[in-house]
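Only one structure is covered here, and it is reproduced in the block below.
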Amino acid sequence: MNMSVVRTTEDLRRTIALWRIEGAKIALVPTMGALHQGHLSLVDTALQRADRVIVSIFVNPRQLNDPADFAAYPRSENRDAQLLRDAGAHVAYCPPDDEIYPETFSTRISVAGVSDGLCGAHRPSHFDGVATVVTKLLLQTQADYAYFGEKDFQQLQVIRRLVTDLGISTRIMACPTVREADGLAMSSRNKRLSKEERATAPALSQILFQTARGLSAEADVAHTLERARKELKMSGFRKIEYLELCGEHDLRPLRDVSRPARLLAAVWLGDTRLIDNVQVLGRS
Ligand code: PAF
């Protein structure tokens, strides 16, 4: 089946209605484009479960608080569409801004608690923007499944919360972070790194994995996190926005590893902000 590029809700609904008549199960992979192997692995996983896969490509202005960040966000629709065709996706949904946010658009979805700390504390209204657009995409597609990468772990928990709270029937499917051979988590932002910064970047995941092992092996949490912050600084990260050990589900800071936990970080390398997270196994 040839992949189609769809731009309006009306065309999307028409396509989905035909699929529903055939009894097809539908998956959504929401993206902001500039696709990389991480996105394509979500598409691949979605194709294993669903009969039809829609990939949305929409650079969402409401989650990029800084207008310069929105302007600089990489856009490559033709290349993305070709990658999706090759990957076997059925629809690339590429709505223009006013299809998602018409002039009269007045709704904001805000998820308290899980949005508050970590990235939410440093990027005001970011998760409102994510929650609003994802809710709209889930409602527009009525997907049976929606796929998200664990790299954006806080985003994943925000979406899980809103789907539960609003009674949206789409099943949220989490996929492990896809990494480069040297451990750097794949991200559209990696393209912004200079050659020197790209050489430094893998230190983030190395320090996270090493710290997670230390935390699992009975290390003092505050002391271990402080040491990891120093190591990040020494490795060349300009600023550490946060490095925190949190409960896996509520993302509240933890002082010990007595329940399922995640170690999450956001750091700056030159002008590029990188995030990553790893699971921390509890002490048995
Ligand atoms: O993870 C992303 O690319 C975006 O936050 C998402 C989920 C597509 C919403 O704009």
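The values are calculated or read from the model by the stated rules, or taken from the named source; none is laboratory data. All values derive from a computational prediction rather than experimental measurement. Reconstructed Cβ throughout: ideal geometry from the backbone, glycine too, with neighbour counts over all protein chains shown. These area figures cover heavy atoms from the full protein model, side chains too; ligands, DNA and RNA do not enter into them. Shrake-Rupley method; radii C 1.70, N 1.55, O 1.52, S 1.80 Å.
For this structure, a couple of remarks:
- Anisotropy class of the range 9-73 from Cα gyration tensor, a/c 1.5 cut: oblate
- The local environment of Ile100, defined by Cβ-Cβ distances under 15 Å, has a net charge of -2 under the rule Lys, Arg +1 and Asp, Glu -1.
- Environment charge at Glu197 (Cβ cut-off 10 Å; Lys +1, Arg +1, Asp -1, Glu -1): +2
- Computed E for Gln206/His122 - FRET, C-beta separation, R0 22 angstrom, nearest 0.05: 0.45
- Residues Glu231, Glu77, ordered by accessible area of protein heavy atoms at a 1.4 angstrom probe radius and largest first, appear as Glu77, Glu231.
- Lysine-lysine proximity count for the chain, Cα under 28 Å, sequence distance 8 or more or distinct chains: 15
- Here the accessible area of the chain is 50 percent carbon and sulfur, with a 1.4 angstrom probe and all protein chains present.
- Accessible-area ranking of Asp116, Asp256, Asp276, Asp128, largest first, probe 1.4 Å: Asp116, Asp256, Asp128, Asp276
- Counting only DSSP beta bridges whose two residues both lie in the chain, roughly 50 percent are antiparallel.
- Just checking the listed ones, Glu99, Glu241, Glu150: in the Gaussian network model of the chain with Cα springs under 10 Å, the one fluctuating most is Glu99.
- Normalising the average separation of contacting C-alpha pairs (under 8 angstrom, six or more residues apart) by the number of residues puts the relative contact order of the chain at 17 percent.
- Selection among Pro96, Gln210, Ala71 by position relative to the dipole of the chain gives Gln210 as farthest towards the positive end (Cβ unit charges, Cα centre).
- Amide H contacts of Val5 (H built 1.01 Å from N, in plane; Pro and chain starts excluded): Ala92 sit under 5 Å, all sequence-distant by 5 or more or on other chains.
- Protein heavy-atom accessible surface, 1.4 Å probe, per residue over the chain: 48 Å².
- Residues whose amide H lies under 5 Å from that of Thr177, counting only those 5 or more places away or on a different chain, are Glu150, Lys151; hydrogens are built 1.01 Å from N in the peptide plane.
- Count Lys and Arg as plus one, Asp and Glu as minus one, and take only other residues whose Cβ is under 11 Å from that of Leu40; the net charge is then -3.
- When the Cα gyration tensor is reduced to axis lengths a ≥ b ≥ c, the ratio a/c stays below 1.5 for the range 67-175, which is therefore classed as rounded.
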